[in-house]
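In what follows, a structure is listed as structure tokens, so that the remarks can point back to it.
The values are calculated or read from the model by the stated rules, or taken from the named source; none is laboratory data. This is a predicted model, so every value here is computed, not measured. Methodologically, a virtual Cβ is constructed for each residue, glycine included, from the backbone with ideal geometry; neighbour enumeration extends over all protein chains shown.
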Number of protein chains: 4
Amino acid sequence: MRIGVLTSGGDCPGLNAVIRSVVHRAVVDHEDEVIGFHDGWRGLLECDYRKLDLDAVSGILAQGGTILGSSRVQPAHLVDGVERARGHVAELGLDAIIPIGGEGTLKAANLLSEAGLPIVGVPKTIDNDIASTDVTFGFDTAVGVATEALDRLKTTAESHQRVLIVEVMGRHTGWIALHSGMAAGAHAIVVPERPFDIDELTARVGARFEAGKRFAIVVAAEGAKPRAGSMEFDEGGKDVYGHERFAGIARQLSTELEKRLGKEARPVILGHVQRGGTPTAYDRVLATRFGWHAVEAAHRGEFGMLTALRGTEIVMVPLAEAVQTLKTVPADRYAEAETVL
Amino acid sequence: MRIGVLTSGGDCPGLNAVIRSVVHRAVVDHEDEVIGFHDGWRGLLECDYRKLDLDAVSGILAQGGTILGSSRVQPAHLVDGVERARGHVAELGLDAIIPIGGEGTLKAANLLSEAGLPIVGVPKTIDNDIASTDVTFGFDTAVGVATEALDRLKTTAESHQRVLIVEVMGRHTGWIALHSGMAAGAHAIVVPERPFDIDELTARVGARFEAGKRFAIVVAAEGAKPRAGSMEFDEGGKDVYGHERFAGIARQLSTELEKRLGKEARPVILGHVQRGGTPTAYDRVLATRFGWHAVEAAHRGEFGMLTALRGTEIVMVPLAEAVQTLKTVPADRYAEAETVL
Amino acid sequence: MRIGVLTSGGDCPGLNAVIRSVVHRAVVDHEDEVIGFHDGWRGLLECDYRKLDLDAVSGILAQGGTILGSSRVQPAHLVDGVERARGHVAELGLDAIIPIGGEGTLKAANLLSEAGLPIVGVPKTIDNDIASTDVTFGFDTAVGVATEALDRLKTTAESHQRVLIVEVMGRHTGWIALHSGMAAGAHAIVVPERPFDIDELTARVGARFEAGKRFAIVVAAEGAKPRAGSMEFDEGGKDVYGHERFAGIARQLSTELEKRLGKEARPVILGHVQRGGTPTAYDRVLATRFGWHAVEAAHRGEFGMLTALRGTEIVMVPLAEAVQTLKTVPADRYAEAETVL
Amino acid sequence: MRIGVLTSGGDCPGLNAVIRSVVHRAVVDHEDEVIGFHDGWRGLLECDYRKLDLDAVSGILAQGGTILGSSRVQPAHLVDGVERARGHVAELGLDAIIPIGGEGTLKAANLLSEAGLPIVGVPKTIDNDIASTDVTFGFDTAVGVATEALDRLKTTAESHQRVLIVEVMGRHTGWIALHSGMAAGAHAIVVPERPFDIDELTARVGARFEAGKRFAIVVAAEGAKPRAGSMEFDEGGKDVYGHERFAGIARQLSTELEKRLGKEARPVILGHVQRGGTPTAYDRVLATRFGWHAVEAAHRGEFGMLTALRGTEIVMVPLAEAVQTLKTVPADRYAEAETVL
């Protein structure tokens, strides 16, 4: 069998582990040939690739990033994107294509699959918002990085007697905020799924100070927003000098909470550090299993499918189903986290 | 409601997170009273306890160990163990007891539950061998510690051109060996569930050297054993000086592989470092959820049950069921790990 | 002997290690009494303190923050600050005061020392800018945190083909930028000691892309500034909505480099995470030694002095001398770091 | 200029950082050519090498191990070792050789230097026992790994109410034991420099239990030994089955302390994990500076010298001097550590 693999979209710890696993399983156990396309779909569209043998994937398991490069190019960006992909697949004699990517990548994968190409997708997102799988690799690493930062920030917040508002990744869903906030014992967590009421949030944080505590940690997913009318909210943009104003939830909350509570409040934006570097053991195992099972699915001819974790099992689910809805934080998970004071 | 909590058995990262979560949920949300028994069942049997309020659990979320202490005392050790426990529960007016522990603890919990005491168990083991839950807290931390050690050992094995045999915890099951071995890209993994054939293992490791590699890492669960007749195996004991001989799978494998391969081989025994210290974010979230749901079960009157993770949900399963079988590494999980060379 | 200890100024990993060491050495070896003032100089000025025995410092060695609290209150803030301090020292029968703090704290310590109080200072700053000591504790931890972040950011920068400008602490000196930049292999480092020329910086970063590299990492100390006239530079302040504009070197450099290079550039501001949490082993050892030697100095009657590391030795240097100049990054250290491309 | 570099002896975090720094400084700033010999002196003796350009050292700064390989081969092992080395240096037109290694390597370097070869040595040992430098790279990483293990072991020792005897590296000197023991707050530290009296050690550990503590941590350098006559001590060897008996200080102390104290005691041997893997930021900076200054020394024609850290400066010291004595733990450093109880 001849298999093409590619990584598309933003950085995510575990990408190399998937690539390595695909190559190991295919080459060692099935005597397949594997090629890797450069820079995601761009490589497929421009027929830019290299052969991947065992040496090519030696030592990459624990490395962040992707040895194949990535880009945000999508087949749908080109008028003849699907045709070009089909042509190169035929030309290269590929029996399967394994794209590893997030929502956008999987939509593109579904498009190509519906056009008849032999696709087995592997879901990838640090945000953990893909509905058909319990977890995606990269998420555990992101939560781990955010939690370690929160652990450190707690002592500083306490020493300085401050409120710290810590912005973590999550434009559409609050999974990283929820898990890192729970893991670090944050005193309030705000997520996109549930617009916050600034009065309630102030009361919650204020209650800590009334109870004699000297600091508070608020974790805010970057996409968290106030309930309409609850608070003046600045969507960002350019300032009068033409500079990006870099508004953001942490900065606005810190201004607002400082004003309302009469306590020093400071924003901390964790940023890109959450999405790069060495994956945790958890993510390496999950990524390795996804790669292994993607190859198996290809050999069984199960195309148009996506690897997914359900409990402790890796199962295959239809791509079409996987891209329909975002997995958001349900109310009961949020309730679990809200107990902490 | 009045709730008693206790931690029993060996150390496990996340114990304090469960205790804290029980107290937070019970005291803050339900206005319960919580007491903590000292040193596991001993505290219940001797009525040795202290009150747990929010201050008592402040700052313990990320701490290893258990603020309540632990011991290996079991009610069944005393002729009147069950009666003493019943008496103290009545005396203290407890509406629920939440024991946090491993297999032995849960058997004791089941015994007391069958004797009519209001028990909600929380499973705890770094070994991940409790059948009724997808995962137990402590396991992720143990795997993380072992993986980090394996990452470091790889460079040394390579520089020194050696075979390293790394012994990880797991007397009865190979979960830590399997996951840390997969996460670190070990070249062979031996587990108790599947006695190894020394000829096959030698061939597997030898194939790496024939392929031009200069080192190999073998991960061995402490309970791994050779297939009967495959290799002389020393079960340990005292030497002629009366010293413990500290035999063990890693030492014996290193002697044997060095002899058979003609390559330097060295044992590394990771030991207790896998079961202590700060829990990972994953374990803190799981432990926190277990504590939260144990309190909920108590309030719903669901006794004789155990908290368990199934997929992404916390569910309650009967204690009686949970202690019947050990969760062992299934053949297909082992096959996934065997691909690596 | 009766000793008072206090921690003043911003958070710094190792503060608790000093406190613990002072108590251990004084109480165990000299049978002294130790009291700890709350919230730095405020505690001394308001006679707010508690007794510190072995139990009080048990388990704090590896903890970030300070069990005594801190504040930015200085004796010189009060008209009668020195007199109040003198009065409380007499009232409490103190034979020595050990203030642990940065530049401001040490100036206050010198003031009180010149007023005749028995002071032994312990220098504390993550910035490493105190001239009389080779290193201060907290610095190694800050550099470690920044380096780990840079390691992670490299893979993301590479995957996304971006320039990342990473802002680290250092308002007046570039030590953290220098060391973390060297440790992580940053491609350019800008520090306050040496205003950068934006044309040169652009050329340096651009050269990487011309050489076929796909990303670059610039580390910027927060106090780094362009050479006068080299680039329009915005000192921050409020925007037209009254929000803090949160200008800063990383944001401005990212705007400027993106414009000049035609490559995506993004700012990352590491912030407070550098100054909190568990100290590294290096910082714990240094902090422990400082505490130990401060007690010895007190017993020898060497007041008006500061503990300092010189090579591998702890020596005492006059407070008056220590506060005169800031230790800045010398040209030759900067040259060592500039080699990397 | 044409420079040859090699790494010799055991693994040590920071080796790759030196190699990279040599190449960067030499190639970028001096337009030198650099070659790397394979497997230490073996590469020089057998003229086995490769060219090292910027690409060859890309991405290795944070990697453990050595891209050049290592071995324990020494020129003195061959009758014509010095002559072969001289011949290959001439043949390859080398103007300088930079061997990176420990005591044995530096003795070999001195031998070749005295034979007229242009040598600039770089000291390497995790043991920190080279007298002419304040610190060697690798030591900080080893101490960090050991400290992290000790942090974890403390909670387990406490939960299990045990004495743990933790064996760390250090056959001839106790630097790792001293620093990790201080950093983790060990209750006793035994080092080769000061044979321990088993009665005193027992009393020290026993005092903790009498004071109501429930556990103790003893850190033992692997070369630590009892004072003559203080305790029966087994030097190891083979048992009656011909197996290595794997005696060792931790195992013997655990047997002895358990017997004397009547408390459970367990050995933990950290082993190779201390000498591999990613270097700390501290070690990366030191290694980078050593490489940089080795190239400078070569360009100044300062041969027969060794890079060394003195305070904050890198200086050059004669090789002949550097190999004369081992840097042992002085009594006053040991006294600092002994305060803890």
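Some points to look at:
- Residue match in segment A:77-96 (condition: in contact with a Phe, Trp or Tyr (Cβ under 6 Å, 6 or more places away or on another chain), outside any strand (DSSP E or B) and within 14 Å of residue A:41 (Cα to Cα)): no
- Complete set of residues in segment A:1-47 that are more than 14 Å from chain C (Cβ to nearest Cβ) and among the charged types (D, E, K, R): A:2, A:20, A:25, A:29, A:31, A:32, A:33, A:46
- Selection status of residue D:124, within 13 Å of residue D:75 (Cβ to Cβ) and either β-branched (Val, Ile, Thr) or within 19 Å of the chain's Cα centre (by Cα) (or both): no
- Residue match in segment D:143-162 (condition: within 24 Å of residue C:25 (Cβ to Cβ) and among the basic types (Lys, Arg)): yes
- Within segment C:301-336, being of a type in the set (Phe, Trp, Tyr) and farther than 17 Å from residue C:99 by Cα holds for one residue alone: C:334.
- Identity of the residue in segment A:171-186, crowded, with 22+ Cβ neighbours inside 10 Å and either at positive phi or not in a helix (DSSP H, G or I) (or both), that ends up nearest to the other protein chains (Cβ to nearest Cβ): A:185
- Where a residue in segment C:285-302 is within 17 Å of residue C:317 (Cβ to Cβ) and its partner, wherever it lies, is aromatic (Phe, Trp, Tyr), with Cβ under 7 Å and at least six apart: C:286/C:137; C:290/C:137
- Residues within segment B:271-318 that are more than 12 Å from every other protein chain (Cβ to nearest Cβ) and in contact with a Leu (Cβ under 6 Å, 6 or more places away or on another chain), tallied: 3
- Test: residue A:118 is out of contact with any Cys (no Cβ under 9 Å at 6 or more places or on another chain) and surrounded by 24 or more Cβ atoms within 10 Å (Cβ to Cβ): no
- Against the conditions (1) touching an Asp or Glu at 6+ places or on another chain (Cβ under 7 Å); (2) at negative phi, residue A:114 satisfies every one except (1).
- Residue C:103 of a type in the set (D, E, K, R) and within 14 Å of chain A (Cβ to nearest Cβ): no
- Filter result for residue C:288 (under 16 Å from residue C:122 (Cβ atoms), under 20 Å from the mean Cα position of the chain (by Cα) and among the hydroxyl-bearing types (Ser, Thr, Tyr)): yes
- Only residues that are in contact (Cβ under 8 Å) with a residue 12 or more places away in the chain and surrounded by fewer than 16 Cβ atoms within 10 Å (Cβ to Cβ) were counted across segment C:73-90, and they come to 2.
- The residue list C:17, C:26 contains one member that is buried (at least 20 other Cβ atoms within 10 Å of the Cβ), at pLDDT 95 or above, of a type in the set (A, V, I, L, M) and within 17 Å of the chain's Cα centre (by Cα), which is C:17.
- The residue pairs whose first member lies in segment D:105-123 and is within 16 Å of residue D:90 (Cα to Cα), whose second member is of a type in the set (D, E, K, R), and whose beta carbons are closer than 9 Å, counting only pairs six or more residues apart or on different chains, are D:112/D:86; D:115/D:83; D:115/D:86; D:116/D:86; D:117/D:86; D:118/D:95.
- Residue tally, condition more than 7 Å from every other protein chain (Cβ to nearest Cβ), outside any helix (DSSP H, G or I) and among the charged types (D, E, K, R), over segment C:120-159: 3
- Checking each residue in segment C:160-170 for being of a type in the set (Asp, Glu) and facing another protein chain (nearest Cβ under 8 Å) picks out no residue at all.
- For segment C:205-225, the tally of residues that are crowded, with 18+ Cβ neighbours inside 10 Å and charged (D, E, K, R) stands at 3.
- Among the residues of segment C:229-251, those identified as more than 11 Å from chain A (Cβ to nearest Cβ), out of contact with any strand residue (DSSP E or B) (no Cβ under 6 Å at 6 or more places or on another chain) and at pLDDT 75 or above are C:229, C:230, C:231.
- Residues that are touching a residue at least 40 places away in the same chain (Cβ under 8 Å) and more than 16 Å from residue B:122 (Cβ to Cβ), drawn from segment B:36-59: B:45, B:47, B:49
- Restricting attention to segment C:14-35, the residues that are in contact with a Lys or Arg (Cβ under 9 Å, 6 or more places away or on another chain), assigned to a loop (DSSP other than H, G, I, E, B) and either under 10 Å from residue C:66 (Cβ atoms) or free of Cβ contacts under 8 Å to residues at least 40 places away in the same chain (or both) add up to 1.
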